[in-house]
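Trainee: My structure is below; once you've seen it, I'll send some questions.
The values are calculated or read from the model by the stated rules, or taken from the named source; none is laboratory data. Treat the numbers as computed from the prediction; the structure is a model and nothing was measured. All Cβ positions, even for glycine, are placed from backbone atoms using ideal geometry, and neighbour counts span all protein chains on display.
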Amino acid sequence: MKHEDARRHRSKMQKVIEHDKKVSKKREALPSIKKRENQEKYHLTVHLVPHTHDDVGWDKTVDEYFTGAAPNRQLASVATILDTVISELQRNPKRRFTYVEMKFFHMWYTQQEKGVKDEVKRLIKNGQLEITQGGWSATDEACPSYEDLIVNMHIGHQFLWEEFGIKPRIGWMVDPFGHSQGNAAVFADFGFEALFFSRMNYDMRRRFWKEKKMTFMWEPFSDNHGRNK
């Protein structure tokens with residue numbers, strides 16, 4: 001029965017993908033980036049932000065993602081990512097890295113010896129290793145309850161506060177398929193100063209791009225609760 005359900009799900013998803021491709025062909029392409037006036041006279045500053053997006057269960061189980069097992073389904077080993085990140089940060093004090101998902105970080109950290117834990121604390125304190133969002137996983141914005149959102153974030157934040165004495169200041173949602181006012185409002189209540197997200201509506205993204213509003217102030221539920229978020 002499970003195999004039949006999976007087959008039906010794949011069939012439905014394929015229809016969704018085909019429909020999206022047809023709709024995408026009709027959309028107007030985003031304008032190309034124009035050369036700036038006197039561009040040759042000025043340096044172009046490019047910001048590279050190395051960060052994680054480690055699914056807490058998707059094509060593989062949590063343990064398979066962490067250990068790197070089942071490489072035939074997906075090449076992913078979170079433990080290896082953390083091992084190499086810490087090593088490279090130690091080698092070069094100018095390097096920075098942003099970590100997001102506390103489920104995997106907690107799994108890795110609790111397996112380390114005291115010397116490694118002390119080094120992680122040092123890297124966090126000097127700003128080389130920054131914890132962003134800090135929930136147990138990236139919150140689901142599609143159909144969770146407020147309790148699910150809050151508990152997911154609370155577990156991760158509690159671990160960070162008790163172990164490192166830090167509180168994340170930035171929301172980080174790079175993979176949800178759409179974003180809700182409820183999630184933005186809860187993030188504001190967490191004290192986040194900004195929210196970075198991806199996968200916004202194509203038409204909205206095109207409009208924001210043209211109007212140069214890719215950075216904007218989001219006031220969730222402002223029509224109902226005023227502009228206090």
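Trainee: Look through Glu163, Glu193, Glu211, Glu219 and report the one residue that is within 30 Å of Lys114 (Cβ to Cβ) and either modelled with pLDDT of 90 or more or not hydroxyl-bearing (Ser, Thr, Tyr) (or both).
Mentor: Testing whether each residue is within 30 Å of Lys114 (Cβ to Cβ) and either modelled with pLDDT of 90 or more or not hydroxyl-bearing (Ser, Thr, Tyr) (or both) leaves just Glu163.
Trainee: Here is a follow-up. Of the numbered conditions (1) in contact (Cβ under 8 Å) with a residue 24 or more places away in the chain; (2) out of contact with any Gly (no Cβ under 6 Å at 6 or more places or on another chain); (3) more than 23 Å from Ser198 (Cβ to Cβ), Gln158 fails exactly one; give the number of that condition.
Mentor: Of (1) in contact (Cβ under 8 Å) with a residue 24 or more places away in the chain; (2) out of contact with any Gly (no Cβ under 6 Å at 6 or more places or on another chain); (3) more than 23 Å from Ser198 (Cβ to Cβ), only one is false for Gln158: (1).
Trainee: Within the range 210-226, does at least one residue satisfy the condition of being assigned to a helix (DSSP H, G or I) and closer than 26 Å to Arg122 by Cβ?
Mentor: no
Trainee: Now for a different question. Looking at Glu141, is it in contact with a His (Cβ under 8 Å, 6 or more places away or on another chain) and either part of a strand (DSSP E or B) or acidic (Asp, Glu) (or both)?
Mentor: When the stated conditions are applied, Glu141 passes them.
Trainee: Between Leu123, Leu149, Leu195, which is over 30 Å from Ser87 (Cβ atoms) and in contact with a strand residue (DSSP E or B) (Cβ under 6 Å, 6 or more places away or on another chain)?
Mentor: Matching residue, one of Leu123, Leu149, Leu195: Leu195.
Trainee: When residues of the range 197-215 are filtered for being farther than 15 Å from Phe177 by Cβ, among the hydrophobic types (A, V, I, L, M, F, W, C) and surrounded by 14 or more Cβ atoms within 10 Å (Cβ to Cβ), how many remain?
Mentor: Of the residues in that region, 1 qualify.
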